[in-house]
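Undergrad: Mind having a look at this structure? Questions to follow.
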Amino acid sequence: MLKITTLAGGVGAARFLRGLVRAVPDADITVVGNIADDITLHGLHVSPDLDTVMYTLGGGVEESQGWGRSEETFAVADELAAYGAEPRWFTLGDRDIATHIIRTQMLAAGYPLSAVTEALCERWQPGVRLLPMSDDRVETHVVVAREDGTEAIHFQQWWVRWHAELPAERIVLVGIDAASPGPGVIEAIDNADVIVLPPSNPVVSIGPILAVPGIRDAVAKAQAPVVGLSPIIAGAPVRGMADAALRAIGVPATAAGVAGIFADILDGWLVDSSDADAVTEVEALGIACRAVPLLMTDADATAAMARAALDLVTP
Ligand code: FO1
């Protein structure tokens, strides 16, 4: 059975993974999920990227936005607002809150996030093994300019409240140096037949996973080929605000620019047909490259992307 290990962020990765499962239904797929955009709100531990993957593959996601629960209601959010509770820029739906209550309770009882995630997946049966990148707390903070100097704000505040419009001077992964890979993560990388980087934000989704001490090295040394799909099409992110995050680290928001960030680990890179010009630039980095349609317009198109990624690096 083909063993595939992927490193995943939120919406883009989750949609891609649905295509991957469709393309190779018999494969044994492990998803290493980003937890650096986790946030504590109203006393609840929220793991947006893990939940997005779990709900999407488990059939419970709100398709129109790509995150959160389908058929959601907001009675609790309305009540919190009536009390004047902050923050008001991030809304938790009633159904989604049940997930955060279970997670928060289990963490308080001493279970690591990996065990909590496994327990939550018992219900959703996502059809993949979902592993948090670490059981340690890591938080992405964004250093932004203020009139009286700079301020570090939580990634979600930058992303959701400010729509990534506040120019980011730096992106800081608080806690990363002391973090260890979660249980099973290094084994999943070592034992994979192929490692896939979905079209996720390279800076704030895949970046934090690779920054956990030991993970990037394991991917670089893995026997398995590593293939990625560009999240940038024709100079713009397919979804989200990856260009703003790339600007913060001084990398051009192009398909070849993103390949450059991962040059030390990539064997193959897919760019969109509209970026065919980038192929020679990527190949010059010693990375096999092909231009194929990369818009996840429907399940068939997404499965075809996944197939093309596997075909690029496997015989
Ligand atoms: N994104 C928003 O733009 N506004 C929200 O109020 C919001 C709430 C939310 C709740 C749970 C969850 O899992 C995700 C949520 N998101 C919300 C999306 C999410 O924060 C971001 O899109 C990702 O974290 C970026 O990877």
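The values are calculated or read from the model by the stated rules, or taken from the named source; none is laboratory data. The shown structure was predicted, so the numbers you read here are calculated from the model rather than taken from an experiment. Glycine also receives a Cβ, built like all others from the backbone with ideal geometry; neighbour counts cover every protein chain displayed. Heads up: the accessible areas ignore ligands, DNA and RNA and are worked out on the full protein's heavy atoms, side chains in. Shrake-Rupley method; radii C 1.70, N 1.55, O 1.52, S 1.80 Å.
Undergrad: Looking only at region 143-167, count every residue that is within 11 Å of the ligand (Cβ to nearest atom), buried (at least 17 other Cβ atoms within 10 Å of the Cβ) and more than 11 Å from Ala244 (Cβ to Cβ) and tell me the total.
TA: Qualifying residue count for the region: 5.
Undergrad: Which of the residues spanning region 104-133 are over 19 Å from the mean Cα position of the chain (by Cα), under 29 Å from Arg22 (Cα atoms) and open to solvent by less than 50 Å² (accessible area, probe 1.4 Å)?
TA: Passing the criteria: Ala115, Ala119.
Undergrad: Are there any pairs with C-beta distances below 6 angstrom linking a residue in region 14-36 that is more than 17 Å from Ser200 (Cα to Cα) to a residue that is open to solvent by 50 Å² or more (accessible area, probe 1.4 Å) and part of a strand (DSSP E or B), with the two at least 6 apart or on different chains, and if so which?
TA: Filtered contacts from region 14-36: Asp28/Lys3.
Undergrad: Which of the residues belonging to region 276-304 are open to solvent by 20 Å² or more (accessible area, probe 1.4 Å), within 12 Å of Ala234 (Cα to Cα) and over 23 Å from the mean Cα position of the chain (by Cα)?
TA: Ala276, Asp277
Undergrad: Which number in (1) assigned to a helix (DSSP H, G or I); (2) surrounded by fewer than 19 Cβ atoms within 10 Å (Cβ to Cβ) marks the one condition that Arg239 misses?
TA: (1)
Undergrad: Looking only at residues that are of a type in the set (A, V, I, L, M, F, W, C) and open to solvent by less than 10 Å² (accessible area, probe 1.4 Å) in region 12-28, which one is nearest to the chain's Cα centre (by Cα)? It would help to see each step written out before you state the result.
TA: First, the residues of region 12-28 that are of a type in the set (A, V, I, L, M, F, W, C): 13-14, 16-17, 20-21, 23-24, 27.
After this cut, where a residue has to be open to solvent by less than 10 Å² (accessible area, probe 1.4 Å) as well, the list is 13-14, 16-17, 20.
Working: Ala13: 6, Ala14: 8, Phe16: 11, Leu17: 11, Leu20: 15 Å.
Within region 12-28, the match that is nearest to the chain's Cα centre (by Cα) is Ala13.
Undergrad: Does any residue of region 120-131 turn out to be within 19 Å of Tyr55 (Cα to Cα) and either of a type in the set (Ser, Thr, Tyr) or within 13 Å of the ligand (Cβ to nearest atom) (or both)? Reasoning before the result, please.
TA: Of all residues in region 120-131, those within 19 Å of Tyr55 (Cα to Cα) come to 120-131.
If we keep only those that are either of a type in the set (Ser, Thr, Tyr) or within 13 Å of the ligand (Cβ to nearest atom) (or both) as well, we get 120.
The answer is yes; a qualifying residue exists.
Undergrad: Separate question: Where in region 126-197 are the strands (runs of 3 or more DSSP E), entirely inside, with at least 2 residues that are in contact (Cβ under 8 Å) with a residue 24 or more places away in the chain, under 26 Å from Ser114 (Cβ atoms) and not polar (S, T, N, Q)?
TA: Numbers: elements: 129-132, 139-146, 149-154, 168-174, 194-197.
The qualifying strands (runs of 3 or more DSSP E) are 129-132, 139-146, 168-174, 194-197.
Undergrad: Scan region 62-83 and report the pairs whose first residue is open to solvent by 50 Å² or more (accessible area, probe 1.4 Å) and whose second residue is within 12 Å of the ligand (Cβ to nearest atom) and aliphatic (A, V, I, L, M), with Cβ atoms within less than 6 Å and a gap of 6+ or a chain change.
TA: Trp67/Val11; Val76/Ile97
Undergrad: For the structure I just gave you, tell me whether Leu50 is among the hydrophobic types (A, V, I, L, M, F, W, C), farther than 30 Å from Asp193 by Cα, touching a residue at least 40 places away in the same chain (Cβ under 8 Å) and open to solvent by less than 30 Å² (accessible area, probe 1.4 Å).
TA: On the way: among the hydrophobic types (A, V, I, L, M, F, W, C): yes; farther than 30 Å from Asp193 by Cα: no; touching a residue at least 40 places away in the same chain (Cβ under 8 Å): yes; open to solvent by less than 30 Å² (accessible area, probe 1.4 Å): yes.
Spelling it out, it is not the case that Leu50 is among the hydrophobic types (A, V, I, L, M, F, W, C), farther than 30 Å from Asp193 by Cα, touching a residue at least 40 places away in the same chain (Cβ under 8 Å) and open to solvent by less than 30 Å² (accessible area, probe 1.4 Å).
Undergrad: If I filter region 258-275 down to residues being acidic (Asp, Glu) and either free of Cβ contacts under 8 Å to residues at least 24 places away in the same chain or in a loop (DSSP other than H, G, I, E, B) (or both), which single residue comes out as surrounded by the most Cβ atoms within 10 Å (Cβ to Cβ)?
TA: Narrowing region 258-275 to residues acidic (Asp, Glu): 264, 267, 272, 275.
From what's left, either free of Cβ contacts under 8 Å to residues at least 24 places away in the same chain or in a loop (DSSP other than H, G, I, E, B) (or both): 264, 267.
Numbers: Asp264: 13, Asp267: 16.
Among those residues, the one meeting the criterion is Asp267.
Undergrad: Oh, and also: Can you find, within region 88-97, the residue that is farthest from the ligand (Cβ to nearest atom) among those that are open to solvent by 70 Å² or more (accessible area, probe 1.4 Å) and in a loop (DSSP other than H, G, I, E, B)? Before the answer, list the steps.
TA: Taking region 88-97 first, the residues open to solvent by 70 Å² or more (accessible area, probe 1.4 Å) are 88, 91, 95.
Within this subset, residues satisfying the condition of being in a loop (DSSP other than H, G, I, E, B) are 88, 91.
On the way: Arg88: 9, Thr91: 4 Å.
For region 88-97, the residue satisfying everything is Arg88.
Undergrad: On the basis of being at pLDDT below 95 and closer than 21 Å to Leu295 by Cβ, does Ala234 make the cut?
TA: Details: at pLDDT below 95: yes; closer than 21 Å to Leu295 by Cβ: yes.
Against the criterion (at pLDDT below 95 and closer than 21 Å to Leu295 by Cβ), Ala234 qualifies.
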